[in-house]
């Protein structure tokens, strides 16, 4: 059996009730929801378990909610003694990966992502920025489109390079609209506007990144015990200063997810275990390389099924 990577989902995977059954059945996992409530001085766990969905989906809530649920699931899965050789997360998921790698504590991470969400929401007011998924177009022609429209005075750029034929663009509302139309003219199959509260991973997030740097400077970030494949450059990092630097850049830089997955495969990863709500990343991994194995662990049942299958492989 080759190497194993743990991968963690980002914003968009949140659902009301995620992690609830786990919290009710496992004390160690339940403790994370309690710690999140105490750290943030709010009943985040009640919002996660009971909703409403609209409130849970707000960036300032979704980010700490997903981190908390992912780490609670990881805590349960850890009892299997299955270890990761590498970790990675999609955007917000990078924080779950860094907690898994021991680069910072859960308390610091949950506080940091709440602040990250606040700064991201405040950076571009009144829905002046947005994002859209462009399907069926390669990155080079799409980058040409976004560069041309940005030069015309409507900022827009590639934000999430998810898998072949699925790239999210981000920027000013007008920039994203113009780029979506132009992308279809040059061969994109579809352009889907995304229901997001801001233009994440675009240059418009630079004011948020400046403020967020102070939050990270106040954290005790240490060397990661497991290499983390950073979103910004799709390379493994463990150095504490480098982690801090890349988390600041991550706010306004594209998420190099396709390249991150390819990098892990190049490093010998044959099994990807998605830990957290949903199975978006497992789907993307399969679109990048059909030959690797993927498991999505979002609850007790899926954890048990994965543990059995993985033990079977090593027999």
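Taking the conditions exactly as written (outside the structural domain of residue 173 (by TED's automatic domain parsing) and in contact with a strand residue (DSSP E or B) (Cβ under 8 Å, 6 or more places away or on another chain)), does residue 72 satisfy them or not?
Working: outside the structural domain of residue 173 (by TED's automatic domain parsing): yes; in contact with a strand residue (DSSP E or B) (Cβ under 8 Å, 6 or more places away or on another chain): no.
Answer is no for this residue.
Report whether or not residue 297 is in contact with a helix residue (DSSP H, G or I) (Cβ under 8 Å, 6 or more places away or on another chain), without any contact (Cβ under 8 Å) to a residue 40 or more places away in the chain, surrounded by 17 or more Cβ atoms within 10 Å (Cβ to Cβ) and in the same structural domain as residue 25 (by TED's automatic domain parsing).
Working: in contact with a helix residue (DSSP H, G or I) (Cβ under 8 Å, 6 or more places away or on another chain): yes; without any contact (Cβ under 8 Å) to a residue 40 or more places away in the chain: no; surrounded by 17 or more Cβ atoms within 10 Å (Cβ to Cβ): yes; in the same structural domain as residue 25 (by TED's automatic domain parsing): yes.
Here the answer is no, as residue 297 does not meet what is asked.
Kindly check whether there is at least one residue in region 27-47 that is more than 28 Å from residue 226 (Cβ to Cβ), in contact with a helix residue (DSSP H, G or I) (Cβ under 8 Å, 6 or more places away or on another chain), crowded, with 18+ Cβ neighbours inside 10 Å and in contact (Cβ under 8 Å) with a residue 24 or more places away in the chain.
no
Does region 48-66 hold any residues that are on the phi < 0 side of the Ramachandran plot and either out of contact with any helix residue (DSSP H, G or I) (no Cβ under 8 Å at 6 or more places or on another chain) or outside the structural domain of residue 111 (by TED's automatic domain parsing) (or both), and which are they? I'd like the intermediate steps shown before the answer.
First pass over region 48-66, keeping only residues on the phi < 0 side of the Ramachandran plot: 48-50, 52-66.
Of everything in region 48-66, those that are on the phi < 0 side of the Ramachandran plot and either out of contact with any helix residue (DSSP H, G or I) (no Cβ under 8 Å at 6 or more places or on another chain) or outside the structural domain of residue 111 (by TED's automatic domain parsing) (or both) turn out to be 50, 52, 53, 54, 57.
Any idea which of (1) assigned to a helix (DSSP H, G or I); (2) free of Cβ contacts under 8 Å to residues at least 24 places away in the same chain is the one residue 98 doesn't satisfy?
(2)
Wholly within region 159-274, which helices (runs of 4 or more DSSP H) include no fewer than the required count, namely at least 2 residues that are without any contact (Cβ under 8 Å) to a residue 40 or more places away in the chain and within 30 Å of residue 303 (Cα to Cα)? Full working, then the answer.
On the way: elements: 173-185, 206-217, 240-250, 257-266.
The helices (runs of 4 or more DSSP H) meeting that bar are 257-266.
So, in region 1-26, exactly how many residues are without any contact (Cβ under 8 Å) to a residue 40 or more places away in the chain and either at positive phi or touching a helix residue (DSSP H, G or I) at 6+ places or on another chain (Cβ under 6 Å) (or both)? Step through it out loud before you land on a result.
Pass one, region 1-26, residues without any contact (Cβ under 8 Å) to a residue 40 or more places away in the chain: 17, 20, 24.
Adding the requirement that they be either at positive phi or touching a helix residue (DSSP H, G or I) at 6+ places or on another chain (Cβ under 6 Å) (or both) leaves 17, 20.
Residues meeting the conditions: 2.
Listed here are the residues, each with its yes/no results for (1) closer than 21 Å to residue 110 by Cα; (2) surrounded by 15 or more Cβ atoms within 10 Å (Cβ to Cβ); (3) within 21 Å of the chain's Cα centre (by Cα).
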{"residue": "185", "(1), (2), (3)": "no, no, no"}
{"residue": "193", "(1), (2), (3)": "no, no, yes"}
{"residue": "208", "(1), (2), (3)": "yes, yes, yes"}
{"residue": "216", "(1), (2), (3)": "yes, yes, yes"}
{"residue": "219", "(1), (2), (3)": "yes, yes, yes"}
{"residue": "226", "(1), (2), (3)": "yes, yes, yes"}
{"residue": "233", "(1), (2), (3)": "no, yes, yes"}
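Take region 64-84 and flag every residue that is assigned to a helix (DSSP H, G or I) and over 18 Å from residue 298 (Cβ atoms).
Within region 64-84, the first condition is being assigned to a helix (DSSP H, G or I), and the residues that meet it are 64-78.
Scanning region 64-84 gives no hits.
Quick one: which residue in 244, 286, 311, 290 is touching a helix residue (DSSP H, G or I) at 6+ places or on another chain (Cβ under 6 Å), on the phi < 0 side of the Ramachandran plot and surrounded by fewer than 18 Cβ atoms within 10 Å (Cβ to Cβ)?
Numbers: 286 fails: touching a helix residue (DSSP H, G or I) at 6+ places or on another chain (Cβ under 6 Å); 311 fails: touching a helix residue (DSSP H, G or I) at 6+ places or on another chain (Cβ under 6 Å); 290 fails: touching a helix residue (DSSP H, G or I) at 6+ places or on another chain (Cβ under 6 Å).
Being touching a helix residue (DSSP H, G or I) at 6+ places or on another chain (Cβ under 6 Å), on the phi < 0 side of the Ramachandran plot and surrounded by fewer than 18 Cβ atoms within 10 Å (Cβ to Cβ) holds for just one of 244, 286, 311, 290, which is 244.
Is it the case that residue 97 is assigned by TED's automatic domain parsing to the domain that holds residue 238, buried (at least 21 other Cβ atoms within 10 Å of the Cβ) and touching a helix residue (DSSP H, G or I) at 6+ places or on another chain (Cβ under 8 Å)?
Details: assigned by TED's automatic domain parsing to the domain that holds residue 238: yes; buried (at least 21 other Cβ atoms within 10 Å of the Cβ): yes; touching a helix residue (DSSP H, G or I) at 6+ places or on another chain (Cβ under 8 Å): no.
Answer is no for this residue.
Just checking, how many residues over region 117-153 are within 25 Å of residue 212 (Cβ to Cβ), surrounded by 18 or more Cβ atoms within 10 Å (Cβ to Cβ) and without any contact (Cβ under 8 Å) to a residue 60 or more places away in the chain?
3
The values are calculated or read from the model by the stated rules, or taken from the named source; none is laboratory data. Quick caveat, the model's predicted, so the values are computed rather than measured. Using ideal geometry, Cβ is built from the backbone for each residue, glycine included, and neighbour counts are taken over all protein chains shown.
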